[in-house]
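Here is the structure we will look at.
The values are calculated or read from the model by the stated rules, or taken from the named source; none is laboratory data. For clarity, every value in this text was computed on a predicted model and none was experimentally measured. Here the Cβ positions follow ideal geometry from the backbone for every residue, glycine too, while neighbour counts run over all protein chains shown. Just the protein is used for accessible areas: all its heavy atoms, side chains included, with ligands, DNA and RNA removed. Shrake-Rupley method; radii C 1.70, N 1.55, O 1.52, S 1.80 Å.
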Amino acid sequence: MASGKRMKWDGQIALVTGASSGIGREIAHQLAQAGATVFASARRDERLVQLSAEFPNGSVTPIVADLAEAGTGEWLVEQVLAQAGRLDLLVNNAGYGELVKADEQTTKAVARQMQVNFMAVIEATLKTIPAMKSQGGGRILNVASIVGHMGIPGVSAYVASKHALQGWSEASGYDLKQHNISVTCLCPGGTDTEFQDHASFERHHGVSSFMQSAATVARAGLRGAWKRKLLVIPGLRNRFFLWAHDRMPWLYRRIMYREAKRIAPRD
Ligand SMILES: NC(=O)c1ccc[n+]([C@@H]2O[C@H](COP(=O)([O-])OP(=O)(O)OC[C@H]3O[C@@H](n4cnc5c(N)ncnc54)[C@H](OP(=O)(O)O)[C@@H]3O)[C@@H](O)[C@H]2O)c1
């Protein structure tokens, strides 16, 4: 599975948020296949039950939760600790994006975006750290985005949430290393999941031909978490995109100003 040192998730306890579809489902699936005990969380109960049924040995336990409700991230970790007594891998993956231009945003919608994509991660992480410290260490995998390193038009709230998550991941990674807790920030680019339907990114940013599969992105994230890497940007094309953003900002900005004009106003 991994290049170099083999990943040994066998026997490890993992919590994966956003496990009902896309990247999170793949991460949960790959972990369970590798022998981990997985607590899989999301709002859609039936999807989680389906995932759990694929592992008749009972290695996937569904936990239905809505991370838009403040405190739910903490509650989730409490459930896992109560049932399993430890947590070796926390995967903060749940998230969503909406195509809403900055001049059409509402404070309520931005607050919800920050709650699900960022504050819920903080809630879960702060509950996890004492448990990981007392058990001698652990791993945290945060799923941010390539847009955690740059701006793109039409999704300012989403971009802000991912910048926050990327910044938190790097900084907390420095703080926690001395406790043998690693924080890996996975920053995918366009990935072929249901996310695209909700966010309408595909329609407006023409990313469809650059999409990676959820399985590929999940594998890269798990490999990075296993190796305790601070940052994982899956795919050469995404790494090139980031390089171009940093090295040719004038060109990047010209393209983004043009893109912004192509986004139609909301009905
Ligand atoms: N797809 C991409 O192009 C792309 C690129 C970069 C980063 N990402 C990031 O990757 C992560 C996973 O996204 P994906 O592409 O796999 O999309 P997805 O298929 O839409 O999955 C999103 C997951 O998040 C869960 N979720 C959303 N809102 C939630 C809430 N309020 N409470 C609890 N769970 C919630 C969803 O479950 P329920 O709806 O069942 O609750 C679902 O399991 C996200 O953080 C996203 O920002 C995606």
query = When you look at MET114, is it away from the ligand (no atom under 15 Å from the Cβ), among the hydrophobic types (A, V, I, L, M, F, W, C) and over 22 Å from MET256 (Cα atoms), yes or no?
reply = no
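Would you confirm, using the coordinates I've provided, whether VAL116 is of a type in the set (Val, Ile, Thr) and open to solvent by 40 Å² or more (accessible area, probe 1.4 Å)? I'd like the intermediate steps shown before the answer.
On the way: of a type in the set (Val, Ile, Thr): yes; open to solvent by 40 Å² or more (accessible area, probe 1.4 Å): no.
Against the criterion (of a type in the set (Val, Ile, Thr) and open to solvent by 40 Å² or more (accessible area, probe 1.4 Å)), VAL116 does not qualify.
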key: Residues (assigned to a strand (DSSP E or B) and within 13 Å of the chain's Cα centre (by Cα)) located in the stretch 154-186   = VAL183, THR184, CYS185, LEU186
key: Neighbours by Cβ (under 7 Å, 6+ apart or cross-chain): first from the stretch 33-46, within 16 Å of ALA82 (Cβ to Cβ) and of a type in the set (Gly, Ala, Ser); second within 8 Å of the ligand (Cβ to nearest atom) and assigned to a strand (DSSP E or B)   = SER41/THR17
note = Checking ARG228, ARG239, ARG258 in turn, the sole residue that is within 28 Å of VAL91 (Cα to Cα) and assigned to a helix (DSSP H, G or I) turns out to be ARG239
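Return the residue satisfying two criteria in turn: it lies in the stretch 36-65 and is touching an Asp or Glu at 6+ places or on another chain (Cβ under 8 Å) and within 9 Å of the ligand (Cβ to nearest atom), and of such residues it is least open to solvent (accessible area, probe 1.4 Å). Don't jump to the end; show me each part of the working.
The first filter runs over the stretch 36-65 and keeps only residues touching an Asp or Glu at 6+ places or on another chain (Cβ under 8 Å), leaving 36, 43, 60, 62, 64.
Now drop any that are not within 9 Å of the ligand (Cβ to nearest atom), which leaves 43, 64.
Values: ARG43: 151, VAL64: 71 Å².
Taking the candidates together, the pick is VAL64.
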